[in-house]
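Here is the structure we will look at, set down as structure tokens.
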Amino acid sequence: MDKLKSNLDFRLMVLAYKVRDFLSPRINVLKEADIEPGFRVLDYGCGPGSYILPLAELVGNSGEIYALDRNPLALRKVQGIASKRGLKNVKTIRSDCATGLQASSMDVALFYDTFHDISQPGAVLRELHRVLKPNGTLSFSDHHMKEQTILLKLTEGKLFILSEKGRKTYGFLKQIS
């Protein structure tokens, strides 16, 4: 029954995201992250892949997209999107923390509507810090959290410093010790 409930919950989430994405296209959110052609981007907590197509447009054929989620249904959905559109530069990672990516290899990490639901927030922030390049950006949004909490949680470990507050996201720069 848990698996059935899980599948139903996922399908309802996909439907809700389709409505959200129609009303508020994800490209408008991604524009705040200043993603350029050739960038390597990690979509941490990618869900059903709402950001994959607009990301692919931004990074172009020379860029790379890594979509990470703990839910295998989400990763199958992302793989289906990539396959259907012939996107060879999209790779999926199943995890709830470690990415398996090289240190200092990502230009941008997207961390949208996931922070409130993770069990190891400190470990995840350390992992994102590890994989971001020295001038890498953590693009963050979580509508379940108030601004003060976001700023406190993202900067208290001295891994990130707020660089920009957009309309939909916060941009944090990787802090170098």
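No lab work stands behind these numbers, since they all come straight from the coordinates. Only a predicted model underlies this, so the values are computations on that prediction, with no experimental measurement involved. Heads up, the Cβs are rebuilt from the backbone with ideal geometry, glycines too, and the neighbour counts pull from every protein chain shown.
Does ILE93 meet the test of being under 16 Å from the mean Cα position of the chain (by Cα) and in a strand (DSSP E or B)?
Working: under 16 Å from the mean Cα position of the chain (by Cα): yes; in a strand (DSSP E or B): yes.
Spelling it out, ILE93 is indeed under 16 Å from the mean Cα position of the chain (by Cα) and in a strand (DSSP E or B).
Could you check segment 151-172 and list, in sequence order, the residues that are among the polar types (S, T, N, Q) and not in a strand (DSSP E or B)? Lay out the reasoning, then the answer.
We begin by selecting, within segment 151-172, every residue among the polar types (S, T, N, Q); these are 155, 163, 169.
Once the filter is applied, which keeps residues that are among the polar types (S, T, N, Q) and not in a strand (DSSP E or B), segment 151-172 yields THR155, THR169.
In segment 57-75, what residues are part of a helix (DSSP H, G or I) and surrounded by 14 or more Cβ atoms within 10 Å (Cβ to Cβ)? First the steps, then the outcome.
Within segment 57-75, the subset part of a helix (DSSP H, G or I) is 57-59, 72-75.
Within segment 57-75, LEU58, VAL59, LEU73, ALA74, LEU75 qualify.
Looking for something surrounded by fewer than 18 Cβ atoms within 10 Å (Cβ to Cβ), of a type in the set (A, V, I, L, M, F, W, C) and over 14 Å from the mean Cα position of the chain (by Cα) - is there at least one such residue anywhere in segment 21-44?
yes
Please find, among SER105, SER62, the residue that is within 23 Å of PRO121 (Cα to Cα) and of a type in the set (S, T, N, Q). Don't jump to the end; show me each part of the working.
Details: SER62 fails: within 23 Å of PRO121 (Cα to Cα).
Selected residue: SER105, the only one of SER105, SER62 that is within 23 Å of PRO121 (Cα to Cα) and of a type in the set (S, T, N, Q).
State all residues of segment 97-150 that are farther than 20 Å from SER177 by Cα, in a loop (DSSP other than H, G, I, E, B), in contact (Cβ under 8 Å) with a residue 24 or more places away in the chain and polar (S, T, N, Q); if no residue qualifies, say none.
Those that are farther than 20 Å from SER177 by Cα, in a loop (DSSP other than H, G, I, E, B), in contact (Cβ under 8 Å) with a residue 24 or more places away in the chain and polar (S, T, N, Q): THR99, THR114, GLN120.
Please verify whether segment 5-25 includes one or more residues that are part of a loop (DSSP other than H, G, I, E, B) and of a type in the set (A, V, I, L, M, F, W, C).
Here is the first cut: in segment 5-25, the ones part of a loop (DSSP other than H, G, I, E, B) are 24-25.
Those left that are additionally of a type in the set (A, V, I, L, M, F, W, C): none.
Within segment 5-25 (the criterion being part of a loop (DSSP other than H, G, I, E, B) and of a type in the set (A, V, I, L, M, F, W, C)), the answer is no, since none of the residues qualifies.
Within the group GLY47, GLY80, GLY60, which residue is touching a Pro at 6+ places or on another chain (Cβ under 8 Å) and not hydrophobic (A, V, I, L, M, F, W, C)?
Testing whether each residue is touching a Pro at 6+ places or on another chain (Cβ under 8 Å) and not hydrophobic (A, V, I, L, M, F, W, C) leaves just GLY60.
Pull up segment 76-102, narrow it to residues that are farther than 20 Å from PHE140 by Cα and of a type in the set (Gly, Ala, Ser), then point me to the one that is surrounded by the fewest Cβ atoms within 10 Å (Cβ to Cβ).
So the residue we want is GLY86.
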